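As structure tokens, the structure follows; a few thoughts come after it.
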Amino acid sequence: MHDILSDRFVRSHLKMRQLVLLVELGRHGSILHAAQAANLTQPAASKLLAELEHALNVQLFERLPRGVLPTWYGEVLIRRAGAALAEMDAAHQEVMELLAGLSGKVNVGAVLTPSAGLLPDAIKLLKTRHARVRVAVTVDTSKLLVDKLRAGELDIVIGRVQDTNAAGELHFEPVTDEPHSLIAGAGHPLASRTDLSLADLAAEPWIVPPAGSVLRDRLTALFLSRGLEPPTDTVEAMALPVIVNLLAGSRMVSALPAELVRPYLDMGLITLLPYDLGMTMDLYGIVTRRQHRLSPGAEAMLATLREVAAQRYPGVANQRSVE
């Protein structure tokens with residue numbers, strides 16, 4: 001019965017303009033602005049929304065004095081509408097690519113470490129084979145990237161799947177983990193110490209990721225587990241150039257993967273402090289949506305990511321091929 005009702009809703013009640021309107025309502029939080037973005041009048045947009053709520057018999061948005069706010073039902077519809085529109089965009093792109101040879105655009109998201117090594121190497125390889133494929137890169141936290149992937153805004157993500165509720169929608173191919181080292185500017189006073197302790201480090205100024213990030217939580221837990229208060233003299237930053245420039249010529253320290261900052265280490269701008277944090281982040285990997293067929297350009301990007309990952313991290317790649 002549920003399948004029959006769902007089929008009737010999709011075939012008889014759902015309109016393409018309603019999908020577009022849902023996505024724009026999610027972006028703008030205003031019927032007026034969403035209507036303008038969807039090339040509709042405000043009365044037409046209100047009517048489409050009312051028809052959709054009537055067909056589902058649920059309230060999708062709360063009407064507020066200044067705009068609208070999606071309910072839980074509305075959030076589900078917005079996300080699914082975005083994915084549906086992305087599928088139609090991909091279909092159009094695929095047809096155009098088949099007509100003109102491999103081209104089109106692929107949207108890739110990555111967390112910080114692979115954005116500095118794995119992803120650029122894969123893009124270079126892709127461009128040697130398919131110069132007409134355009135690549136758009138987004139660097140952010142895993143949570144935000146996976147949300148964009150589920151909504152159809154990204155084709156591929158190199159990151160982690162932290163939401164167990166979303167895991168069933170996604171396919172995860174492990175790449176490698178991220179051992180973190182203690183990094184400071186060249187000539188830091190602690191660089192020559194051989195007896196560094198965590199208590200010494202607690203008194204130093206730190207550059208830390210934003211609150212709520214996995215690394216921030218693990219750093220906090222590290223200090224608390226040793227009976228120490230976490231550092232209070234902190235700067236929150238995620239952009240690598242900002243971090244490196246803050247470290248240079250200051251007493252600040254930060255926990256970063258050595259792989260990520262290797263060029264700066266080789267240039268002598270920063271240095272590794274002689275203290276083992278004993279901190280390794282969870283595996284990151286290549287994340288795609290299940291039940292979603294990538295465009296030819298995105299398939300080519302995925303293939304080069306797998307190829308470069310196997311070359312850079314053969315142990316994990318071999319494990320993946322066995323599993």
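The values are calculated or read from the model by the stated rules, or taken from the named source; none is laboratory data. Predicted, not measured: the structure shown is a model, and the values here were computed from it. Here the Cβ positions follow ideal geometry from the backbone for every residue, glycine too, while neighbour counts run over all protein chains shown. Just so you know, the surface numbers come from the protein's heavy atoms only, side chains and all, with ligands and any DNA or RNA stripped out. Shrake-Rupley method; radii C 1.70, N 1.55, O 1.52, S 1.80 Å.
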With each run of n ≥ 4 DSSP H residues scored as -39500 (n - 2.57), what mean residue ellipticity at 222 nm is computed for the chain after dividing by its residue count and rounding to the nearest 500 deg cm²/dmol? -14500 deg cm²/dmol
Hits in the range 162-184: amide N under 18 Å from the 7 Å Cα→Cβ extension of Arg290, namely 162-174
Run through the DSSP bridge list for the chain and note the antiparallel percent, rounded to the nearest 5. 65 percent
Assuming 1.002 mPa s and 20 °C, estimate D for the chain with Stokes-Einstein, Rh taken as the Kirkwood radius over Cα pairs, in µm²/s. 95 µm²/s
Sequence ranges 107-120, 205-218, ranked by mean other-Cβ count within 10 angstrom, highest first: 107-120, 205-218
Mean-square fluctuation maximum in Gaussian network of the chain, Cα pairs under 10 Å, restricted to Gly152, Gly227, Gly29, hits Gly227
Dipole magnitude (debye, nearest 20) for the range 230-299, charges at Cβ of Lys, Arg, Asp, Glu: 320 debye
Accessible-area value, Met96, 1.4 Å probe, nucleic acids and ligands omitted, Å²: 80 Å²
Please report the net charge: other residues with Cβ closer than 9 Å to the Cβ of Leu69, K and R +1, D and E -1. 0
Rounded to a whole %, the carbon-and-sulfur portion of the accessible area of the range 211-323 at a 1.4 Å probe is 52 percent
If you place +1 on the Cβ of every Lys and Arg, -1 on the Cβ of every Asp and Glu, and leave all else neutral, what size is the dipole of the chain about its Cα centre, to the nearest 20 Debye? 940 debye
Rounded to whole Hz, the Karplus (6.51, -1.76, 1.60) HN-Hα couplings of the range 61-78, x for glycine and proline: 9, 7, 7, 10, x, 10, x, 10, 10, x, 6, 4, 4, x, 5, 4, 5, 4
Within the range 57-137, list the trypsin sites (Lys or Arg not before Pro) lying in a DSSP loop whose Cβ has at most 13 other Cβ atoms in a 10 Å radius. Arg66, Arg132
Choose one of Gln18, Leu283, Ser295: the residue whose Cα lies farthest towards the positive end of the charge dipole of the chain (beta-carbon charges +1 Lys, Arg; -1 Asp, Glu; about the Cα centre). Gln18
Name the residue, out of Ser192, Ser250, Ser142, whose mean-square fluctuation peaks in a Gaussian network model built on the chain with Cα pairs under 10 Å. Ser192
³J(HN,Hα), Karplus 6.51/-1.76/1.60, whole Hz, each residue of the range 159-167, x for Gly, Pro: x, 10, 9, 9, 9, 5, 5, 8, 4
